[in-house]
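Only the coordinates and a few stated rules stand behind these numbers; no lab work does. Keep in mind it's a predicted model, so treat the numbers as computed, not measured. Neighbour counts are summed over all protein chains in view; Cβ atoms, including those assigned to glycine, are modelled from backbone coordinates with ideal geometry.
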There are 2 protein chains.
Amino acid sequence: MASPLTQAQKAPAIAHIQCDGDDLSQCPIRGILDRIGDKWSTLLILMLQDGPKRFGVLRRAVPDISQRMLTQTLRNLQRDGFVARQVFDTVPPSVEYSLTPLGESLLLPLAGLVDWAAMNQPAILKARGQFDEERP
Amino acid sequence: MASPLTQAQKAPAIAHIQCDGDDLSQCPIRGILDRIGDKWSTLLILMLQDGPKRFGVLRRAVPDISQRMLTQTLRNLQRDGFVARQVFDTVPPSVEYSLTPLGESLLLPLAGLVDWAAMNQPAILKARGQFDEERP
DNA sequence: CTGAATCCAGCCCGATACTG
DNA sequence: CAGTATCGGGCTGGATTCAG
């Protein structure tokens, strides 16, 4: 844990991650994947990366999300300590969501994944096309 | 709607990832998240990081996966070009799965996420506990 | 040993309507 | 404006059984 940043270009050395056997349910990687793996969490985290946003702003920024899912996803993110929720007691009421330090720290590893995805999507699509082509 | 916001603040480098608006379905990050977000893909990728493994070996290494899910997950990974499948025509038949170069390249960003998860799981659990405690 | 096929439970998520 | 409640569909994933 003394080298948080310099592992950028090292060879894969994720040996200690077993997660198998008996206690797979409380595997740390599983916990975070269950969170970012759902449909909207990652998108909302990315949306909040450049500052706090109100509920309605998020809603408009992600047009195809329902109020239900927006509320629920924000709740989960808040519960895990990724986002903070601040209520302004005005009329009409307004609520601001923002990334906590913990949430912001997630942006870094997330960026690695995002960059990888953007860079390799063509290869994935190509592989997918070939696979579907060869398999009737 | 364009993006009138400037990436000031302390945001890392995920500027160009919008994914909102009209074409959210073919957003690259969404594609990869749908893959690694499922229950077994990431675990199997990590399992294959130190060399090819046979079907039965993987099965025994991840005791709580069903044959159905093992086959299905491997198929998806193969389809996306992450793993290669080699059949040895013997009796009884044996099949070996291994990471492709594309799959290996995913190990790097994945490692970042894994490390982050391992390092911050205590904070997450703590936040979760506090949240559940404060909410009746 | 590897894998396909079927049945079935659970939940994720969307649409809608209603409150403060 | 922000959030809750309810209903229902579709997909994920587990158990079992059969086949090459």
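Could you pull out the pairs from A:39/A:126; B:53/B:126; A:39/B:53 whose alpha carbons sit more than 29 Å apart here?
B:53/B:126; A:39/B:53
With Kirkwood's inverse mean 1/r over C-alpha pairs for Rh, give me the Rg to Rh ratio of region B:25-136, two decimals please.
Radius of gyration over Kirkwood radius for region B:25-136 works out to 1.08.
Arrange A:60, B:135 by Cβ neighbour counts within 10 Å, fewest through most, would you?
Values: A:60 12, B:135 8.
Ranking A:60, B:135 by Cβ neighbours within 10 Å, fewest first, gives B:135, A:60.
Other chains' Cβ within 10 Å of A:29-41 residues: what's the mean?
Averaged over the peptide's residues, the number is 5.
Hey, for residue B:121 with labels 7 Å out along Cα-Cβ, what do the inter-copy distances come to in nm, ordered shortest first?
3.2
Sort the following peptides by mean Cβ neighbour count (other Cβ atoms within 10 Å, averaged over residues), highest first: B:122-132, A:79-89, B:41-51, B:85-95. Let's see the in-between values first.
Working: B:122-132: 13.9, A:79-89: 15.8, B:41-51: 20.1, B:85-95: 9.2.
For the peptides B:122-132, A:79-89, B:41-51, B:85-95, the packing ranking is B:41-51, A:79-89, B:122-132, B:85-95.
Relative to the other copies, what are the label-point distances for residue A:135, with labels 7 Å from Cα along the C-beta vector, expressed in nm at one decimal and sorted shortest first?
Relative to the other copies, residue A:135 has label-point distances of 3.9 nm.
Within 10 Å of each Cβ in A:71-81, how many Cβ atoms from other chains are there, averaged over the peptide? Numbers along the way, then the final one.
Details: counts 0, 0, 0, 0, 2, 2, 0, 2, 8, 7, 9.
Whole-number average of other-chain Cβ neighbours for A:71-81 is 3.
Suppose you put the label 7 Å out from Cα in the Cβ direction; list, shortest first and in nm with one decimal, how far residue B:60 is from each other copy's label.
6.1
With the cut-off at 14 Å, report for region A:75-136 the share of all Cα pairs above it, as a whole percent.
That fraction is 71 percent.
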